[in-house]
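What follows is calculated from the coordinates using simple rules that are stated; it is not laboratory data. Note that the structure is predicted; figures quoted are calculated from it, not measured. A quick note on method: Cβ atoms are made from the backbone with ideal geometry, for glycine too, and the neighbour counts reach across all protein chains shown.
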Amino acid sequence: MSTPEACPMADPYWAFYWPGGQAMTRFILDHRKTFGGKHVIDFGAGCGSASIAASLVGASRVLVNDIDQYALLATLLNFRLNGVSVNNVSFSQENLLEKDLVVKNFFAESDEEKFIILGDMFYDSDFAASLFAFLKRSQKSSGTRVFVGDPDRHPLTEKRSLESYRTKFEKRLVAEYSLPGYVIREHYGFNTAKVFELVF
Ligand SMILES: C[S@@+](CC[C@H](N)C(=O)[O-])C[C@H]1O[C@@H](n2cnc3c(N)ncnc32)[C@H](O)[C@@H]1O
């Protein structure tokens, strides 16, 4: 059993397969037609499982994004270990929250539906507030659909948090998955992880 606290490296959040990322990954694998042929940004990709799933179901382009270079390296290794091609995959260490143009340019190359996917990125209310503002800008400028995998962490569930965000949105539950026992133990008792579509 392993937790972030037990890891010798600083902030090794890329080194864990988070419950929200597991749900996001499962959802993509189960919705091949939704993501096949589309442009997908995996924001905060971590170990890259959702990016790999998007490639496996035939996304035409995948942008793996994480501010931690080790996450990008781990993702590249995981693509190789899973025998999945990176021909249609780009890797970006940019903080997209400050780089709207990167998102706009990536999506400008496609006439198809566009997706931003996020696995377990709502672990802090202040960060969540910035994320919501960014996701709203992306949705308005590129028509992006936003899918979030999350085990009901407080920034997405607590009334006080939700009321505090200046960016308002609708949270539509599209899937819920049971988590395996060892994941429940490693992640402090979350029993399920959900996938939401966020509409701004
Ligand atoms: C809790 S992990 C989630 C990883 C993965 N999505 C999953 O579900 O397994 C959070 C990840 O977000 C990355 N991260 C934090 N802030 C970020 C930002 N502003 N832009 C992109 N990635 C960020 C971290 O480096 C880390 O890999």
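In nm, give the distance between the simple-model label positions of ILE184 and ALA129, each being 7 Å from the Cα along the Cα-to-Cβ direction.
Going by the 7 Å Cα→Cβ label model, 3.5 nm.
Among DSSP beta bridges lying fully in the chain, give the percent that are antiparallel, nearest 5. Walk me through the numbers on the way to the answer.
Values: 13 of 31 bridges.
In the chain, DSSP labels about 40 percent of beta bridges as antiparallel.
Would you kindly calculate the mean projected area, averaged across all directions, of the convex hull enclosing the Cα atoms of region 1-105, in square nanometres?
Values: hull surface 28.1 nm².
Mean projected area for region 1-105: 7.0 nm², to one decimal.
Once every DSSP H run of n ≥ 4 in the chain is given -39500 (n - 2.57) and the sum is divided by its residues, what mean residue ellipticity at 222 nm do you get, rounded to the nearest 500 deg cm²/dmol?
Result for the chain, helices only: -11000 deg cm²/dmol.
Using the structure shown, list the pairs from LYS104/LYS171; LYS38/LYS171; LYS140/LYS168; LYS99/LYS140 with a Cα-Cα distance above 19 Å, or answer none.
Values: LYS104/LYS171 23 Å; LYS38/LYS171 22 Å; LYS140/LYS168 13 Å; LYS99/LYS140 15 Å.
Too far apart for the 19 Å limit: LYS104/LYS171; LYS38/LYS171.
Over the alpha-carbon set of region 85-200, work out the extent along each principal axis and list the three values in angstrom, largest first.
42, 39, 25
What are the ³J(HN,Hα) values, in whole Hz, obtained from phi via the Karplus relation 6.51 cos²θ - 1.76 cosθ + 1.60 with θ = phi - 60°, for each residue of region 175-187 in sequence order, with x given for Gly and Pro?
Rounded to whole hertz, the list is 6, 9, 10, 5, 9, x, x, 5, 5, 4, 5, 5, 10.
What percentage of all Cα-Cα pairs in region 57-99 are separated by more than 17 Å?
Taking all Cα-Cα pairs of region 57-99, the fraction more than 17 Å apart is 34 percent.
Mind pulling up the Rg/Rh value for region 4-199? Radius of gyration and Kirkwood radius, both on Cα.
Values: Rg = 15.6 Å, Rh = 16.7 Å.
Across region 4-199, the Cα-based Rg/Rh ratio is 0.93.
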